[in-house]
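Comments concern the structure below.
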Amino acid sequence: MDAVKNAANSASETVQQGISGTSKEANKSVAKDSNASVGDRATAAKDAASDKASESKHDLKK
């Protein structure tokens, strides 16, 4: 039973890691977009850093 639970948790962490990675890349694109406002770029940069931390956290839980 523990093996099934561990496999499910690992799969969930992998999905969450992928979502964080996708969000990080989208935020990086906004942060680099010279057509975006300074405020939007700063927020996107902050969010990308947060997504990177979340991505790393989920990687460690696998």
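The values are calculated or read from the model by the stated rules, or taken from the named source; none is laboratory data. Computed from a predicted model, the values in this text were never measured in an experiment. Note: ideal-geometry Cβ built from the backbone for every residue, glycine included; neighbour counts use all protein chains shown.
For the range 30-40, a residue qualifies if it is assigned to a helix (DSSP H, G or I) and surrounded by 12 or more Cβ atoms within 10 Å (Cβ to Cβ), and the qualifying residues are VAL30, ALA31, LYS32, ASP40. Just one of the listed residues (SER20, SER34) is modelled with pLDDT under 95 and out of contact with any Phe, Trp or Tyr (no Cβ under 7 Å at 6 or more places or on another chain), namely SER20. Restricting the range 1-17 to residues that are over 11 Å from LYS62 (Cα atoms) and among the hydrophobic types (A, V, I, L, M, F, W, C), the residue that is surrounded by the fewest Cβ atoms within 10 Å (Cβ to Cβ) is MET1.
Scanning the range 29-62 for residues that are under 11 Å from the mean Cα position of the chain (by Cα) and among the charged types (D, E, K, R) turns up ASP47, ASP51, LYS52, GLU55, LYS57, ASP59.
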